[in-house]
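Asker: Handing you a structure now.
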Amino acid sequence: MTRSAYTVPPIAAERLPDLLRAMPKAELHMHIEGSLEPEQMFALAARNGVALKYPSVQSLKDAYVFNNLQEFLDIYHDGTMVLKTEQDFYDMACAYLARAQADNVLHTELFFDTQTHTGHGLSADTVINGLYQACADAPAKFGMTASLILCFLRHLSEEEAFECLEQALPHRDKIVGIGLASSEVGHPPEKFARVYARARQLGFRLVAHAGEEAPPAYIWSALDVLQVERIDHGVQAIHDAALMQRLAQDKMPLTVCPLSNLKLCVFPTLAQHNIGRMLDAGICATINSDDPAYFGGYINENFTQTFAALGLNAQHAYTLAANSFEASFIDASLRQRYMHRLQEVFEGFS
Ligand code: ADE
Ligand code: ZN
């Protein structure tokens, strides 16, 4: 049964939080380095003999107060210093996959960035091999599928992005797509036009962060210059009616991260978040956790808090979950299986 042909059965409002948690879903916007919990960070620091800037887990957690994206990125970068070996990357990814499984995530596409780690003297091979092994083990270990999206760091140069792509090429078959992350304002998508064109030639699927903090122009150029298949965040599109129409018409997915937007002060409160308006405008929005160890919750927490703040209903829940499978880079037969499981859970709640 297709998404549009399915009618959501009546579900009592008080059962909505349980439905949101039980509902099968895909997570498409999750930076694996942003899943590194303070406890695991301290354990890895001890294992690798790395000194942390903070004396305790609590003092580190207390530092997670951000006024904007850059303040977060600075702390996030410090946290990555504890990762040294293939095993560290494997363990970090497995810790996330276990949490995702508990949240009924059936499929995830994990962002990672080799440039952070090569900047600390690690090889791209160490990063990719560790993460890939966790993705390969995901079906047997966690009952789910997982793939990898390599993000270029947009505050670095085009030349460095080309170098990053080159280093990943021996691992071409371990990476489904290419993305663009890090400090957005001042680093527009067109800076990476040529390296995205090269990635497209190589058969990578393409996504990019755009319109998280920067204006709608960044979303237009991600679409028209980079020719991406999904926009990560994209919440600033609300300020441009023509862009909203374009996103809806093209069924262009947006991977929205409500708790991230709240923590980074993109919206003052969750009640002011625009994901409900995006859905009402017919945009293929999804809910994701971005950097859950820093932003106060994994995907189910994003769902339950957003639904409570905005008064969304079971129809919205179904649409968001269906959008997540629709927007994912899985093949048609797996998508059909996951959609079937989604509808079974909805039937069970009716
Ligand atoms: N890297 C990790 N999280 C990010 C975010 N929310 N935006 C841009 N780059 C990121
Ligand atoms: Zn992100």
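Asker: Using all C-alpha to C-alpha distances in the range 144-192, build P(r) with 10 Å bins and read off the rounded percent in each one.
Answerer: The percentages, shortest bin first, are 25, 50, 22, 4.
Asker: For the pair residue 272/residue 334, report the inter-label distance in nm, with labels modelled 7 Å from Cα in the Cβ direction.
Answerer: For residue 272 paired with residue 334, the spin-label model returns 4.0 nm.
Asker: Considering only the other residues whose Cβ falls under 11 Å of the Cβ of residue 103, what net charge follows from Lys and Arg at +1 and Asp and Glu at -1? Each step should come with its number before you reach the end.
Answerer: Numbers: positive: 21, 25, 99; negative: 27, 301.
Summing Lys and Arg as +1 and Asp and Glu as -1 gives +1.
Asker: Rounded to the nearest 0.05, what FRET efficiency is calculated for residue 350 and residue 136 with R0 set to 56 Å and r the Cβ-Cβ distance?
Answerer: Calculated value: 0.90.
Asker: Let me ask something else about it. When the helix-only estimate is applied to the chain (DSSP H runs of n ≥ 4, each -39,500 (n - 2.57), divided by the residue count), what is the mean residue ellipticity at 222 nm, nearest 500 deg cm²/dmol?
Answerer: Values: 17 runs with 173 residues, N = 350.
Helices in the chain give a 222 nm mean residue ellipticity of -14500 deg cm²/dmol.
Asker: Taking only protein heavy atoms into account and a 1.4 Å probe, give the accessible area per residue of the chain in Å².
Answerer: Working: 13380 Å² over 350 residues.
Result: 38 Å² per residue.
Asker: Then there is this: Please report, to one decimal in angstroms, the Kirkwood hydrodynamic radius of the range 22-349 built from all distinct Cα-Cα pairs. Could the numbers behind the result be given before it?
Answerer: Working: mean 1/r = 0.0506 Å⁻¹.
For the range 22-349, inverting the mean 1/r across all distinct Cα pairs yields 19.8 Å.
Asker: Something else: To the nearest 10 square angstrom, what accessible area does residue 198 show with a 1.4 Å probe?
Answerer: 100
Asker: Take every Cα pair under 8 Å in the range 22-349 that's 6+ residues apart, average their separations, divide by the length, and report that relative contact order as a whole percent. Can you show the working numbers first?
Answerer: Details: 551 pairs, mean separation 65.4, N = 328.
With pairs under 8 Å counted, the relative contact order is 20 percent.
Asker: Okay, next question. Taking Cα atoms, how many degrees apart are the long axis of helix 124-142 and the longest axis of the chain, rounded to 10 and kept between 0 and 90?
Answerer: Rounded to the nearest ten degrees, it is 40.
Asker: Sticking with this structure for a sec: Got a number for the accessible area of residue 153? Probe 1.4 Å, square angstrom, nearest 10.
Answerer: In the full protein context, residue 153 sits at about 20 Å².
Asker: Could you please state, rounded to a whole Å, how far the C-alpha centre of the range 73-102 is from the C-alpha centre of the range 121-138?
Answerer: Centre-to-centre (Cα) distance: 11 Å.
Asker: Work out how much length residue 71 to residue 197 would gain on full extension: take 0.36 nm times their residue separation and subtract the Cα-Cα distance, in nm to one decimal. Present the calculation step by step, with values, prior to reporting the outcome.
Answerer: Working: separation 126, 0.36 × 126 = 45.36 nm, distance 3.11 nm.
Full-extension gain reported as 42.3 nm.
Asker: Sticking with this structure for a sec: With a 1.4 Å probe and all protein chains kept in place, how do 81, 41 rank by accessible area, largest first? Before the final figure, lay out the partial values.
Answerer: Values: 81 70, 41 5 Å².
Highest to lowest solvent-accessible surface, that is 81, 41.
Asker: Skipping prolines and chain starts, which residues have an amide H placed within reach, meaning under 5 Å, of the one on residue 108, given they are 5 or more residues away or on another chain?
Answerer: Here 27, 145, 146, 147 satisfy the definition.
Asker: OK, next. With every protein chain kept in the model, how would you rank 173, 103 by accessible area, 1.4 Å probe, largest at the top?
Answerer: Values: 173 125, 103 25 Å².
Most to least solvent-accessible, the answer reads 173, 103.
Asker: Okay, moving on. Leaving ligands and nucleic acids out of the surface, order 240, 224 by accessible area at 1.4 Å, largest first. All intermediate terms of the calculation are to be shown ahead of the outcome.
Answerer: Numbers: 240 35, 224 85 Å².
My answer, sorted largest first, is 224, 240.
Asker: Using Cα-Cα distances under 8 Å and only pairs 6 or more residues apart, what relative contact order does the range 63-166 have, in percent?
Answerer: Working: 98 pairs, mean separation 31.9, N = 104.
Once divided by the residue count of the range 63-166, the mean separation gives 31 percent.
Asker: In the chain, carbon and sulfur make up what percent of the accessible area (probe 1.4 Å)? Display every interim value, and only then the final one.
Answerer: Working: 6930 of 13380 Å².
Ligands and nucleic acids excluded, carbon and sulfur give 52 percent.
Asker: I would also like to ask the following. Using Cα pairs under 8 angstrom and six or more residues apart, how large is the relative contact order of the range 239-350, in percent?
Answerer: Numbers: 110 pairs, mean separation 27.4, N = 112.
That works out to 24 percent.
Asker: Quick one: putting +1 on the C-beta of Lys and Arg, -1 on the C-beta of Asp and Glu, what dipole do you get for the chain around its Cα centre, in Debye to the nearest 20? Write down the numbers at each step before the final one.
Answerer: Details: 26 positive and 41 negative charges, 149 e Å.
Taking the Cα centre of the chain as origin, the dipole is about 720 debye.
The values are calculated or read from the model by the stated rules, or taken from the named source; none is laboratory data. Not measured: the values here are computed from a predicted model. Cβ atoms come from the backbone with ideal geometry, glycine included; neighbour counts cover every protein chain shown. Side chains included, ligands, DNA and RNA excluded: accessible areas come from the protein's heavy atoms. Shrake-Rupley method; radii C 1.70, N 1.55, O 1.52, S 1.80 Å.
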